[in-house]
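Structure first, then comments.
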Amino acid sequence: MSVRYAIFFAPIKGSFLESFGREWLGRCSETGLAVMHPVLSSINQSEMSDLVTTPRQYGFHGTLVPPFVLKEPCSEDELVVHAKNFAQGQLPFFLAGLSVREIGSFLALVVENQSRIARLAEASLRSFHPFRKQPTLAEFEQRRSRGLTPVQRRLLMNWWYPYVLEEYRFHMTLTGSIRDKKKRRRILKILSERTELICKTTHPVRELCIFHQAGTESPFTIIHRIPFGI
């Protein structure tokens, strides 16, 4: 697989939210280094590792523009310049009303009112779309086979990803799929307790983060934090 990029929201470096996500997933998105998981009597280290295998690969984030391969002849330098120009026109704001919720079979932090972050995601998607390489037919077929709604299929064909625009839901993934409902609710209770303070405070959105993945087996890491300019 080719090198991929993504435009994500990531918590401010050194913030309480960033520290929580780094420790929960067991990896620093900034350095790529492993981090010790929290020691919990209710979850052993093996179970914890299994819970976060998938989100750990992507790092603690909220998606603005889904992962993409750069369209030729675009370069990383051009992507960064474009991101800086785009960020110059964005106003900082705050995420408020976070809570841990079930999304299908996985758990994530969501926001009570996502209107502001959804507008940023839409603007980002439209602005960065010219840099994104169109998926292959096989990739389209793979995504179409996941039981998409008619609206999601239309979005997939137009924007190459089904969960954008009217189907967008901001979330910061905390676990992989947990099929066992009883176990999922147990983990939900644990996460709700551990995020109680996080969910009572606001969290600034004042920069774009460009994430980079070197190859299929490589994790995503932050390569640029680009502050908003207004």
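Throughout, read-outs are computed from the coordinates displayed, never taken from laboratory work. Everything numeric here is computed off the predicted structure, so don't read it as measured data. Don't worry about glycine lacking a Cβ; one is built from the backbone with ideal geometry, like all the others, and counts go over all protein chains shown.
A few points about this structure:
- Scanning segment 124-148 for residues that are of a type in the set (A, V, I, L, M) and either surrounded by 11 or more Cβ atoms within 10 Å (Cβ to Cβ) or in a loop (DSSP other than H, G, I, E, B) (or both) returns LEU125, LEU148.
- Condition met for PHE94 (touching a residue at least 60 places away in the same chain (Cβ under 8 Å), out of contact with any helix residue (DSSP H, G or I) (no Cβ under 6 Å at 6 or more places or on another chain) and buried (at least 16 other Cβ atoms within 10 Å of the Cβ)): no
- Taking the conditions (1) surrounded by 14 or more Cβ atoms within 10 Å (Cβ to Cβ); (2) touching a His at 6+ places or on another chain (Cβ under 7 Å); (3) farther than 28 Å from PHE228 by Cβ in turn, GLN45 satisfies each one other than (1).
- Listing of helices (runs of 4 or more DSSP H) fully contained in segment 3-107 that carry 1 or more residues being polar (S, T, N, Q) and closer than 30 Å to PHE131 by Cα: 53-58, 76-88
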